[in-house]
1. Of everything in the range 189-212 that's within 16 Å of ligand 1 (Cβ to nearest atom) and small (Gly, Ala, Ser), which residue is nearest to VAL303 (Cα to Cα)?
2. Under 9 Å by Cβ, and 6 or more places apart or on different chains, what pairs join a residue from the range 479-498 that is on the phi > 0 side of the Ramachandran plot with one that is surrounded by fewer than 22 Cβ atoms within 10 Å (Cβ to Cβ) and of a type in the set (Lys, Arg)?
3. Just checking, does the range 157-174 include any residue being away from ligand 2 (no atom under 15 Å from the Cβ), surrounded by fewer than 23 Cβ atoms within 10 Å (Cβ to Cβ) and not in a loop (DSSP other than H, G, I, E, B)?
4. With the condition kept exactly as written, say whether any residue in the range 337-347 is under 19 Å from ASN388 (Cβ atoms), modelled with pLDDT of 95 or more, away from ligand 2 (no atom under 16 Å from the Cβ) and not in a strand (DSSP E or B).
5. Out of the range 619-675, which residues are among the hydroxyl-bearing types (Ser, Thr, Tyr), surrounded by fewer than 16 Cβ atoms within 10 Å (Cβ to Cβ) and assigned to a loop (DSSP other than H, G, I, E, B)?
6. Any residue in the range 589-603 that's without any contact (Cβ under 8 Å) to a residue 12 or more places away in the chain and surrounded by fewer than 19 Cβ atoms within 10 Å (Cβ to Cβ): show its pairings with residues that are assigned to a strand (DSSP E or B) and of a type in the set (D, E, K, R) at Cβ separation under 9 Å, as long as the two are six or more apart or on different chains.
7. Considering LYS270, LYS318, LYS250, LYS281, which residue is in contact (Cβ under 8 Å) with a residue 24 or more places away in the chain and within 16 Å of ligand 2 (Cβ to nearest atom)?
8. Report yes if ALA407 is in contact with a His (Cβ under 8 Å, 6 or more places away or on another chain), aliphatic (A, V, I, L, M) and surrounded by 20 or more Cβ atoms within 10 Å (Cβ to Cβ), otherwise no.
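The values are calculated or read from the model by the stated rules, or taken from the named source; none is laboratory data. All of these numbers come straight from a predicted model, not from anything done at the bench. FYI the Cβ positions are ideal-geometry reconstructions off the backbone, even for glycines, and counts take in every protein chain you see.
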Amino acid sequence: MSERKTNQTLSGTSLGPKKQSRASLSFEDMPVFTKWEMPSEPAPVKEAAKAASQKGGAAKKKTNNQNAGQKGASGKKGQGKNKPGQKTQKAQKGKGKGNAPVAEKQKAERPKPTGQPAQKKQTGAKKQPVKQTLQNNTIPSISTNFSPKKGGKKGKKNPPIRIIPLGGLNEIGKNLTVYECQDDIFLVDCGLAFPDETMLGVDLVIPDFSYLVQNKEKIRGVVITHGHEDHIGSLTYLLKQIDLPVYGTKLTIGLVEGKLKEAGLLGRVKTHVVTPGDRVKLGCMEVEFVRVNHSIPDAVAIVTHAPCGTVVQTGDFKIDYTPIGGGVIDLARFGELGSRGVLLLLSDSTNAERPGSTTTERKVGQSFDNLFKTAEDKRIIIATFSSNIQRIQQICDAAVKFGRCVAISGRSMENVTGIARELGYLHVPEGLIVPMEELSRFRPSETVIITTGSQGEPMSALSRMSMGSHRQVTVGKGDFIIISATPIPGNEKLVSRVVNELLRSGADVIYESMYDVHVSGHACQEELKLMMELVRPKYFMPVHGEFKHLKRHADLARSLGIPDENIIISEIGRVLETDGTYLKNEQTVPAGRVLVDGLGVGDVGSVVLRDRKLLSEDGLVIIVVTVDSLTGEVLSGPDVVSRGFVYMRESEEVVEEFRNLTLKVLDSVKDRRHKDWNDVKVRIKEAVSSCVYRRMKRSPMILPIVMEV
Ligand SMILES: [Zn+2]
Ligand SMILES: [Zn+2]
C-alpha cells in the first residue's frame, strides 16, 4: 500500500510523469512508471575485488541437476567446471587487495537478495578516505562462472549463438526473440502491440517477419513464455506464413489454441504442452523451461543450452513467495544455472524504475475480504485483466466466503475464465458462476460481477456500464465498484473518464491507489538484482521495455558489478553474436512493425498513416468539375464537397471563392491546344490551398477531380 500511495502523492507534484503514448487497449498488467525515482543504488564500481570468490557456492551446487545439464547439446564438456584461470582478468582489475576477504565472505553467503544493507552499514561508518576505499570495495559484485567451452575436437571453438530481438525492445509489446546457432533457429514468444495515437485506425501492431520468412527452412519451433497478448498475440499471423510447432505450458497452450481456433489453424499447427523442468531439443540447441511468477499462471523462463554456453531469458517475471495457485519461481534452478556458468541473461525490464519488491498477489485477496465486508449490502462489480486468473480466483474465493454468486461480463473475460476452468487453473465450486442473464434472480447484495474494462477501453463492459449502454447492468447507488488494475501509461484519461461516470451514477468506486486492490506482475529492482545475482551472467541484455526501462535495468546491472562492456542495450533487428570469447552486436536484419487494420496486414504504411493524420486534423475538400476534353469548356460544376473541414451550409462565401478560383485556373488553360490535366489539378489545389490558409490558417487535404468528357 505504501508503495502505491507514494506514487500517488508524487504524481501530484510538478515532477509527475507526462504520459504521452496512448494505447486504448491493454494486454496485461503494466507498471506504474515513476520517472522521478532517481537511482538509489551506489555508483558503478567495477574495481571491487573479485578474486577467488567462486569455489564455495559453485562446488556445493554441482550435484543435483548436473547430469541433466550435460545431456543434449554437444560440446558440454567443462560447463560446470570452475577453471582457476577464468577469473584472472577481473581479479587483475581489482585494486583493493586488502579487502578481498570481505568480498569473499559475501560471496560465500550467496544467494542473497541484494548487497544494499551491507553497503548502507558502510556508508554510515564512513569518515575517512581510507574507509571510502573500503566502502567501494565491499559493494557486492557479480562475477560470472561462465568460461568459454572447448569444442568437441581439440582446440576447436564452438559455433557462436546469434540472438536477434525482433520486438520488445524500446517498446512495450510484440515480444519476439530469435535464437540462431549454425543452421538452426528457434523463436521465443510471438506477441503483438497495441497502436499508439499516431496509428489512426490501426487495430494491432505485429513484428516484421521477413527475416523469419527468409530463413523459414531453419526454424525448428516457437517456445512461449506465457499467455499474454504481447507474447502470443501475433503467433497466428506467423503460423499462417510458416508452419512451426509451438511449445508452452498447459495454460499457455490452451490460450494459444483458442487463437488458433479463431484463425482456423487448429489441427494444422502442432502444439506441445511442457511442464517446468522439461527440455526440448531444437536442432543443435536445447531449451529448458523454468518456472517463474507472473500475473498469469504457468509462466516460464526459457533457458537455452547451446554448444557455446547457456542463455537465460527470464520472460515476464516477478518473485512471489506466496503465489495464488502454481508454484513459487524456481530460484534454486536459476542459482544452479548461475553456479554452472551462464553466458548471457535477458531479463524483464518493465519495472526496472521501481525500487523495492513487488507485493505478493495474496495481499490483494486480503483487500478483497475487507472490501467485501464494507460492501455488505451492495452489488459488487470488479474490473480486472482477463488474463489475471490468480486475481479472478481470489475474487471467487471472496465470493464464496461472503455467500455471493459470480457473473462474468466481457468476451475476453469469458474466454479466458472458460479455458482456465477447463484446464484446472481456476477452481470454483459448482453453481458459483452464473450466466449474466440469470443475475436478476438474485438480490444485488448476493452477487459479484467480474468484468473487463479496467483500462477504460471504450468498448469494454465496464465502460458501457458507466455510459448506461450495457445490456444487462445498470449502475447506480447500490453498486460497489472495484477497479483492480493500474492504468497502463497513456490510459489514465480513459480510466478517469470511466471513474467519473461511475461516480456520477452514485456508485462507490475503489480504484488505483485507494486500497491494495492491485499488484504488478513484473519484478521491481530488488527482484531484478536477485535474478542477476543468481544467474551471474557473463553478458547482460535488458529486454521487455522502453529505452528508459532498459537503461535503468542496465544501471542496476552495472551497480552489481557487471562490467559496462558486457551490458548490451540493443534494439530490434540487431544481431548479438557470441561464442563466449567475443561479442559482436553490429549486424542487423530486417525488423520493424507491421500494422494490422481489419483483415489487412501490412497494407497500411507510412503514406496511408500520413493521409489519415492529415484528414483527422483539418479534414478534406473535394472539388469536382466536368470539362469538355477538346475545348476545355466547363460542362458542370465546379462542385465543392467537404468532410471535417467546415460546415458547408454556413460557409457559402468560402465555397463560392473555391469555385471562382477553380474557374480561373480552368480559364487560363482554355486557349491551350494541348491540355495537361494533371497540371491543371495541381494548380487548382495550390490556388485553393493558399486561399484556405490565408483566410483560416488551416491545411485540409484538397482533392481536385477533373472529369473530361
Ligand atoms: Zn506478461
Ligand atoms: Zn510481456
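1. Within the range 189-212, the match that is nearest to VAL303 (Cα to Cα) is GLY191.
2. GLY490/LYS19; GLY490/ARG22
3. yes
4. From the range 337-347, those under 19 Å from ASN388 (Cβ atoms) are none; that's our starting set.
Taking every residue of the range 337-347 in turn, none turns out to be under 19 Å from ASN388 (Cβ atoms), modelled with pLDDT of 95 or more, away from ligand 2 (no atom under 16 Å from the Cβ) and not in a strand (DSSP E or B).
5. Residues satisfying the conditions are SER629, THR631, TYR647.
6. The qualifying pairs are ASP603/ASP597.
7. None of the other options fit; the residue is LYS318.
8. Judged against the criteria, ALA407 is not a match.
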